[in-house]
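Engineer: Structure below; questions to follow.
Throughout, read-outs are computed from the coordinates displayed, never taken from laboratory work. Owing to the predicted nature of the structure, the values given are computational and were not obtained by experimental measurement. FYI the Cβ positions are ideal-geometry reconstructions off the backbone, even for glycines, and counts take in every protein chain you see.
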Amino acid sequence: MKKTLAFIVCVMMVLSLVACTQTAAPAEPAAPAAEPVPASPAAEPAAAEPSEEEAMIAAAQAEGTLVVYGSCEEEYLAAACQGFEKLYGIKVEYQRLSTGEVQAKIEEENGNPSADVWFGGTTDPYNVCASEGLLEAYEAKNASHLLSSMYRHTDGYWYGIYKGILGFMVNTDELTRMNLPIPADWDDLLDPQYKGLVWLSNYNTAGTAKLVINTMIQKKGHDAGIQYLVDLDKNIEVYTKSGSGPSKNVGTGECVIGIGFLHDGITQIVDNGYENIQLVIPSSGTSFEIGATAIFKGCAHPNAAKLWIEYALSPDCVGIADDNGSYQFLVLDNVEQPSQAADFGLDPENVMEYDFEDATKNITTYVEEVMNALGGGDDRFKTE
């Protein structure tokens, strides 16, 4: 019994020792801490998209050149072109031509124009070219500054930049010497006492003369208007190539009575010192021109041409007119009017209601009718 008990005790002691010497299985090592993900560097801000104006300027500069046909006076034409070149760094080539000459040239070139834009001159020839598909429509942003919708083509084929009043310029020294009165109205010009004293521009070459045709037809009716021009022809000494031709010869006395735009007379008085010139606004009423600018369809530099239109409808362009011998009324709301026109008593609103639609539709026919009534013309009709 004692042996059995001793055996049991020994066995239990052995089991206890075994249990004490056993160790717990080592724990799985902890997963290493995740490496911190470095923050992505801030993305570079996207370059701002160029504005519409900046894109237009860049496209125009890439073309590098602009060619202008100008029908305003050359001093202003040169200054406007130089201003554009300086402002945008685009080379400008220009040529001064009457509106009739530009029309004839563009018609001959027929969609392959040698110039990009037309600047200045009355809109009658512009409208003919637009109807013939020779001008490019463009919706100008700066057209929002036009004083009225009448100063633009409905479809954007041209935009007005100034307004000129039609009338007479007379040399008072010569009339006094001849003991002749100053003509006050259109019908006065038919008096035989003025035979050989009146100058007008050529109906074939000058937009000014085309405006005279339209004015007489609209004032007097078709047949009476053409007859008036036939009667007036008896007193005409010269039909100059350009509409400003008569005004340039009044001060010297070579022309005693010139029919044309009165701002051209102001130029002769203010800039050239001819104080013997008097301006006459016909008492029964007169008409007016809208001097315009337009893009030629198919031009070689279309982006530079569009930029020119925006420039022409801005103070950068029209605001320098009176510093360069052009004293027309301006038709934009963000420029100051030249004081000279008002100083000479000109009122831009004191004009007849002019039917531009009739003028546009019929002027080519009217010119043919007048020239036929005059027997086709003679050597008084100058083309040089």
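Engineer: Rounded to the nearest 500 deg cm²/dmol, what is the calculated helix-only ellipticity per residue at 222 nm for the chain, with -39500 (n - 2.57) per DSSP H run of length n ≥ 4?
Structural biologist: -12000 deg cm²/dmol
Engineer: Sticking with this one: Residues with beta-carbon under 14 Å from that of residue 122, excluding residue 122: net charge, scoring Lys, Arg +1 and Asp, Glu -1? Let's see the in-between values first.
Structural biologist: On the way: positive: 163, 210; negative: 73, 101, 124, 264, 289.
Once positives and negatives cancel, what remains is -3.
Engineer: Tell me which DSSP H helices of the chain clear both cut-offs, 27 Å or more of axial length from alpha-carbon atoms and a mean Kyte-Doolittle hydropathy of at least -0.5.
Structural biologist: Passing helices, by number: 2-21.
Engineer: Connecting C-alpha atoms closer than 10 Å in a GNM of the chain, tell me which of 171, 372, 362 has the biggest fluctuation.
Structural biologist: 372
Engineer: Which FRET efficiency value, to the nearest 0.05, do you get for residue 358 and residue 107 by plugging their Cβ-Cβ distance into 1/(1 + (r/R0)^6) with R0 = 22 Å? Before the final figure, lay out each step's value.
Structural biologist: On the way: r = 21 Å, r/R0 = 0.97.
The computed FRET efficiency comes out at 0.55.
Engineer: Sticking with this one: PRE reach from residue 131 (point 7 Å along Cα→Cβ): which of the stretch 215-247 fall under 15 Å by backbone N?
Structural biologist: Hits in the stretch 215-247 for residue 131 at 15 Å: 215, 218.
Engineer: Also, I was wondering about something else. Using 7 Å Cα-to-Cβ label points, what is the residue 365/residue 184 separation (nm, one decimal)?
Structural biologist: Taking the simple label geometry, residue 365 and residue 184 are separated by 3.7 nm.
Engineer: A follow-up question, please. Between residue 144 and residue 275, what is 0.36 nm times their sequence separation minus the Cα-Cα distance? Round to one decimal in nm.
Structural biologist: That works out to 43.3 nm of additional length.
Engineer: Between residue 231 and residue 155, what length comes free when the chain is fully extended (0.36 nm per residue of separation minus the Cα-Cα distance, one decimal in nm)? Each step should come with its number before you reach the end.
Structural biologist: Details: separation 76, 0.36 × 76 = 27.36 nm, distance 3.83 nm.
So the chain would gain 23.5 nm between residue 231 and residue 155.
Engineer: Could you list the trypsin sites (Lys or Arg not before Pro) in the stretch 109-213 that lie in coil according to DSSP, counting only those with at most 16 other Cβ atoms within 10 Å of their Cβ?
Structural biologist: Within the stretch 109-213, the qualifying trypsin sites (Lys or Arg not before Pro) (loop, at most 16 other Cβ atoms within 10 Å) are 195.
Engineer: Where in the stretch 121-154 is the amide nitrogen less than 12 Å from a point lying 7 Å along the Cα-to-Cβ axis of residue 52?
Structural biologist: Output list for this probe position: 139-144.
Engineer: Using each residue's phi in the stretch 321-332, evaluate 6.51 cos²θ - 1.76 cosθ + 1.60 at θ = phi - 60° and report the 3J(HN,Hα) Karplus result to the nearest Hz, with x for Gly and Pro.
Structural biologist: These are the phi-based 3J(HN,Hα) values: 4, 6, 7, 10, x, 10, 10, 6, 6, 8, 10, 10 Hz.
Engineer: If neighbour count is taken as other Cβ atoms inside 10 Å, put 118, 158 in order from fewest to most.
Structural biologist: 158, 118
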